[in-house]
Amino acid sequence: MSKSTVLLLAAIGLAAIAPRARADAASDQASLLNLSLEQLGDVKVTATSRRATPLSDTPASVYVIQGDDLRALGIRTLPEALRLAPNLQVAQINSAGYAVSARGMKTSLSDKLLVMVDGRPIYTPLFAGVLWDQQRVLVEDIERIEVVSGPGAAAWGANAVNGVINIVMRPARDTSGGFAKGWAAADGHGVAAAQTIAAGSDGAIRLYAARDQHDGSETADGMAIPDDWTQDQGGFRGNWRKGADTYSLEGDAFTARSAPRGFGPVEVRGHNVVGRWARELSPDDQWSLQAYYDYVHRLDPAVIDDRMAIADVEFVQDKRAGAHQFTWGLGYRQARDDSRPGALAKLVPDDRTLRWANVFVQDQFAISGRLTANFGLRLDSNSYTGVEVLPTARFSWRQDGGALIWGALSRAVRSPARFDRDFFFPANEPYFIRGGPDFQSEVSNVAEVGYRAQPTDWMSFSLTAFHHWHNRLRGGTPAPQGGVYVANTVQGRTWGAEGWATLRMPGQWEIAAGFLELREHFELMDGGGDSPAIADQGNDPEHQYLLRATRRIGTRQQLSAFARYVSALPSPAIPGYVQLDARWSFSPTPTTEIGVGARNLLDHRHAELQPSDGLQPSDFGRVAYVDITVGW
């Protein structure tokens with residue numbers, strides 16, 4: 001029996017013997033569906049500028065997914081949750097693998113999107129992207145997900161090129177009691193449990209454990225694919241307040257394993273711990289100090305056996321000085337990577353220590369009563385290319401009636417990762433792909449203009465137009481020894497528009513709709529013709545439309561539905577499809593909920609993205625499920 005399974009059983013046992021406390025029923029009754037659009041517009045987001053700013057005042061393309069929306073739809077994984085954001089493109093690759101991107105350039109190794117859980121980045125320095133199969137959070141404890149499309153490099157640094165996602169978990173102090181939940185579907189099953197324990201007069205600790213089993217997928221002709229995935233995970237989150245200080249400490253530990261594959265199963269284990277200390281000196285002066293340690297050992301016999309240990313510390317201060325609101329900070333990160341060759345690939349050298357350092361400053365001030373400016377500059381240092389300069393300039397104009405017009409100019413980079421400099425395929429000579437010793441940062445210069453308004457007390461909407469100029473993108477150049485070097489050989493543009501609208505009748509129903517129109521053009525930097533490197537920049541749909549509806553039926557029932565249309569992918573070709581999910585829930589008591597739902601109601605079977613390994617894509621079809629949650 002694995003350690004995580006033992007942790008799971010221990011947590012459920014703790015929940016069973018814990019004193020019966022008031023459950024989170026009050027929070028459930030005060031569902032976000034009961035809030036007005038004006039109240040939702042006052043929700044503060046931090047993913048744009050590191051400063052807590054009301055959503056209605058934020059000069060960026062920001063969509064907020066509320067935790068209640070995830071629970072209403074029976075969502076279980078982070079990529080499924082991110083499908084609800086109209087400014088993201090999410091494609092499922094296999095039973096647990098996904099590709100997630102903003103404004104295009106989507107591949108199984110998407111590397112231009114910064115994703116954080118409570119401020120802790122979860123991308124891997126191996127390829128600067130997220131391994132979504134091993135990312136698990138307790139959906140029941142998500143407060144909101146802030147999704148920013150467009151560059152965030154001036155605030156967050158390299159890799160925040162096309163977007164920033166921050167998953168914000170509910171503080172333990174805002175929870176009480178506990179719950180146990182189980183779900184079962186034709187393609188998997190899982191259980192989870194959590195318990196909050198008081199810690200002092202103004203603190204609490206939240207313990208949780210979960211186990212998920214995703215069954216293997218199939219090809220279009222019904223052939224089974226050995227991509228089953230099982231993950232056990234447990235953790236804690238503690239929050240305390242003492243005077244002007246707030247403290248938090250949280251951590252997770254997990255193990256995961258795939259079904260046996262050609263060279264053996266993929267096995268992953270890891271753990272992390274994050275500590276924060278924040279002090280509010282005054283409403284206009286506060287600072288925070290955060291440190292974390294993150295370790296992951298991923299054994300993929302076909303690719304590499306890798307152990308990555310990351311340590312990070314960061315200080316941020318937000319302070320008003322006269323008419324200027326300054327936010328500044330500095331940080332340092334170090335990663336120790338220890339790898340061993342797989343059957344098909346290797347990293348040279350096997351071991352490497354990577355270091356990053358940064359300092360940034362932002363200045364927000366009013367030019368006039370309606371016009372506000374926000375200038376930001378970040379200097380990022382990395383082990384491969386030295387110092388990168390990341391500026392941004394944002395302006396916003398408040399109209400009569402409260403509508404906001406905003407515009408922005410920004411520069412962002414995706415700095416080299418180990419797969420750019422150190423990756424060799426196959427594992428023995430002659431090599432077909434060689435890491436590029438001179439590979440430089442990929443660069444994006446971005447212009448955006450947006451409009452956000454709430455014309456009535458029951459409707460709000462947001463529109464954004466964008467244009468990205470990309471330079472020095474990843475490609476290949478012939479190597480004298482044979483094969484190709486990884487090199488900066490591609491340039492191009494992505495442009496389009498994204499928008500969404502929300503209609504809300506508090507306490508009764510909500511309807512949300514969104515769209516993304518995307519166009520792309522890539523070419524070799526020397527002006528040459530087609531190249532495999534151009535196709536590698538992403539296989540993206542031109543059109544994406546989303547529609548979501550939630551209806552309260554009395555005080556005990558709720559019906560939720562989510563639909564999205566994704567147009568065809570050009571190369572490799574994948575037909576367009578329509579996804580329709582729906583869930584009905586019933587609460588026989590304030591702390592108990594029974595849910596029945598289905599995914600892909602209109603589509604017997606469809607593929608979403610071609611795997612990068614060239615194998616046949618997985619097809620996903622109609623699946624029914626049931627879930628039960630019991631709280632105390």
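Determine which single condition R261 fails, assuming it passes every other condition in (1) surrounded by fewer than 17 Cβ atoms within 10 Å (Cβ to Cβ); (2) more than 28 Å from G216 (Cβ to Cβ).
So the condition that R261 fails would be (2).
Give the residues of region 354-401 that are in contact (Cβ under 8 Å) with a residue 24 or more places away in the chain and hydroxyl-bearing (S, T, Y), sorted by residue number.
T372, S381, S383, Y384, T385, T392, S396
Take region 409-431 and flag every residue that is more than 17 Å from L354 (Cα to Cα), hydrophobic (A, V, I, L, M, F, W, C) and surrounded by 23 or more Cβ atoms within 10 Å (Cβ to Cβ).
Those that are more than 17 Å from L354 (Cα to Cα), hydrophobic (A, V, I, L, M, F, W, C) and surrounded by 23 or more Cβ atoms within 10 Å (Cβ to Cβ): A412, V413.
Please tell me if D305 is surrounded by 15 or more Cβ atoms within 10 Å (Cβ to Cβ), in contact with a helix residue (DSSP H, G or I) (Cβ under 9 Å, 6 or more places away or on another chain), closer than 15 Å to D422 by Cα and in contact (Cβ under 8 Å) with a residue 12 or more places away in the chain.
It is false that D305 is surrounded by 15 or more Cβ atoms within 10 Å (Cβ to Cβ), in contact with a helix residue (DSSP H, G or I) (Cβ under 9 Å, 6 or more places away or on another chain), closer than 15 Å to D422 by Cα and in contact (Cβ under 8 Å) with a residue 12 or more places away in the chain.
Could you give every pair whose Cβ atoms fall below 6 Å, whose first residue belongs to region 465-489 and is farther than 18 Å from A153 by Cβ, and whose second residue is of a type in the set (D, E) and surrounded by 16 or more Cβ atoms within 10 Å (Cβ to Cβ), counting only separations of at least 6 or pairs across chains?
V486/D420
So the check is Cβ under 8 Å with 6+ separation or different chains; which pairs have a first residue in region 51-64 that's among the basic types (K, R) and a second one that's buried (at least 19 other Cβ atoms within 10 Å of the Cβ) and at pLDDT 90 or above?
Final answer for the pair search is R51/D318; R51/Q325; R51/T327; R51/Q362; R51/Q364.
With region 590-629 as the region, which strands (runs of 3 or more DSSP E) entirely inside it contain at least 3 residues that are more than 30 Å from G178 (Cα to Cα)?
Strands (runs of 3 or more DSSP E) meeting the threshold: 605-607, 619-621.
Take residues that are crowded, with 24+ Cβ neighbours inside 10 Å and either touching a strand residue (DSSP E or B) at 6+ places or on another chain (Cβ under 7 Å) or not hydroxyl-bearing (S, T, Y) (or both) and tell me which of the strands (runs of 3 or more DSSP E) falling wholly in region 142-197 contain 3 or more.
In region 142-197, the matching strands (runs of 3 or more DSSP E) lie at 142-149, 163-169.
Does V115 satisfy the condition of being among the β-branched types (V, I, T), in a strand (DSSP E or B), touching a Pro at 6+ places or on another chain (Cβ under 9 Å) and in contact (Cβ under 8 Å) with a residue 40 or more places away in the chain?
Taking the combined requirement at face value, the residue satisfies it.
The rows are residues; the columns are (1) basic (K, R); (2) within 26 Å of S612 (Cβ to Cβ); (3) touching a strand residue (DSSP E or B) at 6+ places or on another chain (Cβ under 8 Å); (4) assigned to a strand (DSSP E or B).
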| residue | (1), (2), (3), (4) |
| --- | --- |
| V313 | no, no, yes, yes |
| K319 | yes, no, yes, yes |
| Q325 | no, no, yes, yes |
| L330 | no, no, yes, yes |
| A335 | no, yes, yes, yes |
| R340 | yes, yes, yes, yes |
| F360 | no, no, yes, yes |
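Could you check region 330-350 and list, in sequence order, the residues that are small (G, A, S), within 30 Å of Q290 (Cβ to Cβ) and surrounded by fewer than 19 Cβ atoms within 10 Å (Cβ to Cβ)?
The answer is G331, and nothing else.
The values are calculated or read from the model by the stated rules, or taken from the named source; none is laboratory data. Here the structure is a predicted model, which is why all the values come from computation and not from measurement. Here Cβ is always computed from backbone atoms with ideal geometry, including for glycine, and neighbour counts include all displayed protein chains.
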